[in-house]
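Single-structure report; data block below.
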């Protein structure tokens, strides 16, 4: 018997973006992260960030201080 490759043109439900472009999804994601970070600031919860110059992650507290992972 010969194996045949069947290619489906049906769109998977998870692949569907409901007509929203990739750029719009990216913008929505970025805005959601900003909102989440603002909620954390209001609650007094530190936000994990990354410093590209020092190549290290850190926690930024609402008062502005930073605790780098290497210091902890």
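The values are calculated or read from the model by the stated rules, or taken from the named source; none is laboratory data. Since the model is a prediction, treat every value here as computed from it, not as a measurement. FYI the Cβ positions are ideal-geometry reconstructions off the backbone, even for glycines, and counts take in every protein chain you see.
Can you name the residue in segment 1-56 that is assigned to a loop (DSSP other than H, G, I, E, B) and in contact with a strand residue (DSSP E or B) (Cβ under 9 Å, 6 or more places away or on another chain) and, of all such residues, is modelled with the highest pLDDT?
Step one: list which residues in segment 1-56 are assigned to a loop (DSSP other than H, G, I, E, B), which gives 1-12, 16-21, 44-46, 52-55.
Next, from what is left, pick out any that are in contact with a strand residue (DSSP E or B) (Cβ under 9 Å, 6 or more places away or on another chain): 46, 54.
Numbers: 46: 96, 54: 92.
Looking at the filtered set, the residue picked out is 46.
A search for C-beta distances below 9 Å between a residue of segment 19-48 that is farther than 14 Å from residue 62 by Cα and any residue that is assigned to a loop (DSSP other than H, G, I, E, B), counting only pairs 6+ apart in sequence or on different chains, returns 24/17; 25/17; 28/20.
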